[in-house]
Amino acid sequence: MKNNLTRLTDSVSAIKTDFLFKTRLLPTHVFVLETKNGLILFDTGSPGSGKMIVESLKEAGFDPGSIRAICLSHWHRDHAGSLGEITGLVKPASGVDIFIGRPDLPLLTAQRPRILRFHPFLNIPVRHRPGRLPSPSNSRLIPLDSAGYATLDRKYGIKAIPTPGHTPGHTAYLHRETGSLFSGCALSLLNRDIVGMVPIFHDRKEQIRSGQRLAELDFRYLFPVHMFLRTDEIPLAKRLPCTGKKGIMARLMGNHLFFRYGEHAE
Ligand SMILES: [Zn+2]
Ligand SMILES: [Zn+2]
């Protein structure tokens, strides 16, 4: 894997890690947020990405030792895979705070695969494996219960938004100061313009409800982990309804659509 880091906004960068199912349809991004208290990562890519992530940070002029927190969207291996590698490599003196949705914590710590469903009508079973656990000597796993929410908000200015459906404890994160929404797998750009949701789920109804809640949330930037990425602002006024043939095809594929990027209606 080649080092890479792209600056997206003044405070957010993305590192592209390997591709799920070895296709370019599902690139996996690790997001880096610069704050006055240090760096915060959102997800960690698949196992084996840790060294490249740390090297990419160094190459771009960041100090990996200043990573203070990692916010996990969910327990799957392509999101939590390099957790142990990253925390092991950077070994910050104060340890890294790792946040994860309360219902996903036991799924991560159990360290065994589970079955999810693919496609809302076909319901094809797919096996998902968990990410690798970090060492307690250099990190703390913090479940997002009421104390966890308060800690994340107070220390880092980030609001955790429970978005169950893809997994029971899937969580999106809103950085209040910059209006950046790190949506994990709860909202994805299915192509350059259309924002929808991937057809892999633990509970489809909950997944749609969660996606809808995010689609109506007042954020400025959307940073989904897989597929396409845009760096322009998408406030509520720029979100247009999805209509037309493209929409029909996406629905047949089992995708659920929420909105598309449009120009500002002044
Ligand atoms: Zn997943
Ligand atoms: Zn994923």
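Which one of these is touching a helix residue (DSSP H, G or I) at 6+ places or on another chain (Cβ under 6 Å), of a type outside the set (A, V, I, L, M), at pLDDT 95 or above and within 21 Å of CYS185 (Cα to Cα): THR28, THR44?
Working: THR28 fails: at pLDDT 95 or above.
That would be THR44, the only listed residue that is touching a helix residue (DSSP H, G or I) at 6+ places or on another chain (Cβ under 6 Å), of a type outside the set (A, V, I, L, M), at pLDDT 95 or above and within 21 Å of CYS185 (Cα to Cα).
Can you name the condition, by its number, that GLY254 falls short on among (1) modelled with pLDDT under 95; (2) within 22 Å of ILE70 (Cβ to Cβ)?
Among (1) modelled with pLDDT under 95; (2) within 22 Å of ILE70 (Cβ to Cβ), GLY254 violates only (2).
How many residues does segment 115-136 contain that are in contact with a Phe, Trp or Tyr (Cβ under 9 Å, 6 or more places away or on another chain) and either under 18 Å from GLY169 (Cβ atoms) or modelled with pLDDT of 85 or more (or both)? It would help to see each step written out before you state the result.
First, the residues of segment 115-136 that are in contact with a Phe, Trp or Tyr (Cβ under 9 Å, 6 or more places away or on another chain): 116-118, 120, 124-126, 128, 130-131.
With the extra rule that they be either under 18 Å from GLY169 (Cβ atoms) or modelled with pLDDT of 85 or more (or both), the set shrinks to 116-118, 124-126, 128, 130-131.
The number of residues fulfilling the criteria is 9.
For every residue, the table says whether it meets (1) surrounded by fewer than 20 Cβ atoms within 10 Å (Cβ to Cβ); (2) among the charged types (D, E, K, R).
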| residue | (1), (2) |
| --- | --- |
| ASN191 | yes, no |
| GLN207 | no, no |
| ASP218 | yes, yes |
| ALA250 | yes, no |
| TYR261 | yes, no |
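Considering only segment 21-120, give the strands (runs of 3 or more DSSP E) lying wholly within it that have at least 3 residues that are more than 16 Å from ILE158 (Cβ to Cβ).
Counting at least 3 such residues, we get 27-35, 114-118.
Just to verify a result, which residue in segment 141-194, among those that are within 13 Å of LEU214 (Cα to Cα), away from ligand 2 (no atom under 16 Å from the Cβ) and in a strand (DSSP E or B), is nearest to the chain's Cα centre (by Cα)?
The selected residue is LEU181.
How many residues does segment 81-92 contain that are within 16 Å of ligand 1 (Cβ to nearest atom) and either in contact with a strand residue (DSSP E or B) (Cβ under 7 Å, 6 or more places away or on another chain) or over 15 Å from SER135 (Cβ atoms) (or both)? Spell out the reasoning first.
Looking only at segment 81-92, we keep the residues that are within 16 Å of ligand 1 (Cβ to nearest atom), and these are 81-83.
Still in the list and also either in contact with a strand residue (DSSP E or B) (Cβ under 7 Å, 6 or more places away or on another chain) or over 15 Å from SER135 (Cβ atoms) (or both): 81, 83.
Final tally of qualifying residues: 2.
Checking LEU105 against (1) under 26 Å from ILE208 (Cα atoms); (2) modelled with pLDDT under 95, which single condition isn't satisfied?
(2)
The values are calculated or read from the model by the stated rules, or taken from the named source; none is laboratory data. Predicted model only: the values in this text are computed from it and were never measured. Virtual Cβ from ideal backbone geometry, glycine too; neighbours counted across all protein chains shown.
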